[in-house]
Amino acid sequence: KVIEKKYGEANTIGGKSKHNMQKESVAVCKMTGSQAQTLQERDDVLRVEKDSTMKANGKRHKREVVKIKQSKLKKEWNMAMIRRDVNDTVSTKDKVKVAVIDSGVDFGNDVEECLPYYTDITGHGSAVAGIIAAEKNGKGITGINTNVELYSARVLDENNSAPTSRVIEAIYWAIDHNVNIINMSFGMKEDSQALHNAIKDAY
């Protein structure tokens with residue numbers, strides 16, 4: 001109840017989405033190959049493309065979990081990967097607004113500011129959020145920047161997959177929220193001009 005009161009119900013991206021991207025002139029619909037060809041030949045249509053599936057890594061494997069106290073680590077792995085000293089201080093006056101377009105972010109995962117919260121079925125988005133912004137409290141890793149305001153857009157399903165159109169919608173949602181950074185930890189084999197356009201708009 002406290003989370004709902006603070007952040008409101010999570011209802012903009014994901015299962016409740018109706019692909020409302022009219023203002024970006026993007027439409028999602030089912031059609032045959034000949035219908036797609038006819039539509040592509042129109043002067044007022046820029047491009048017709050397949051709504052391909054994007055996927056994040058994250059197959060579940062049985063693993064042995066070994067707990068290590070933070071004090072015994074010379075440098076946390078996420079800090080080592082970007083060659084950042086864990087003792088570096090954040091010099092930004094205002095919080096950095098980061099949109100995590102992923103599988104959601106669970107409440108209670110050591111991230112202080114996140115809106116909205118979603119139930120994260122696979123844990124992928126929560127892990128990404130922790131790498132970015134987990135609090136420095138001796139539990140787990142410390143985020144790369146704790147002076148972050150996270151915006152969670154849940155697009156990935158229980159298989160860590162999403163249609164490109166849903167990702168594009170989430171990018172425009174992030175643009176509407178005027179975020180500084182958009183994080184997307186997934187990809188696909190096909191090319192998508194609509195996705196390129198959305199990323200250019202975000203930039």
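Give the long-range amide H neighbours of residue 182: residues separated by 5 or more places, or on another chain, with amide H under 5 Å away, using H modelled in the peptide plane at 1.01 Å from N.
99
Using 7 Å Cα-to-Cβ label points, what is the residue 36/residue 158 separation (nm, one decimal)?
That separation, rounded to one decimal, is 2.8 nm.
How long is the gain from residue 55 to residue 203 if the chain were fully straight, where each residue apart is worth 0.36 nm and the alpha carbon distance is subtracted?
In short, 51.0 nm is gained.
List the residues, sorted by chain then number, that are 5 or more residues from residue 149 or on another chain and whose placed amide H is less than 5 Å from its amide H.
96, 97, 98
Report the label-to-label distance for residue 46 and residue 119 in nanometres (one decimal), using points 7 Å from each Cα along the Cα→Cβ vector.
Simple spin-label model gives 3.7 nm for this pair.
If I take every Cα pair under 8 Å that is 6 or more residues apart in the range 114-203, average their sequence separation and divide by the length, what percent do I get for the relative contact order?
23 percent
Sequence-distant or interchain residues sharing an amide H contact under 5 Å with residue 54, placed H: which?
Hits under the 5 Å cutoff: 162, 164.
For residue 42, what accessible area in Å² do you get when you roll a 1.4 Å probe over the heavy atoms of the protein chains, rounding to the nearest 10?
Spelled out: residue 42, probe radius 1.4 Å, area about 120 Å².
Holding the Cα-Cα limit at 32 Å, pick out from 23/95; 23/189; 50/95 the pairs that are longer than that.
Going by Cα-Cα distance, 50/95 fall outside the 32 Å limit.
In sequence order, what are the phi-derived ³J(HN,Hα) couplings for the range 180-197 according to the Karplus relation 6.51 cos²θ - 1.76 cosθ + 1.60 with θ = phi - 60°, rounded to whole Hz, with x for glycine and proline?
Values per residue, Gly and Pro as x: 8, 9, 10, 9, 10, 9, 7, x, 7, 7, 7, 9, 9, 5, 4, 5, 4, 4 Hz.
The values are calculated or read from the model by the stated rules, or taken from the named source; none is laboratory data. If you're wondering where the values come from, they're calculated on a predicted model, not measured in any experiment. Glycine also receives a Cβ, built like all others from the backbone with ideal geometry; neighbour counts cover every protein chain displayed. Calculation scope for accessible area: heavy atoms of the full protein, side chains included, ligands and nucleic acids excluded. Shrake-Rupley method; radii C 1.70, N 1.55, O 1.52, S 1.80 Å.
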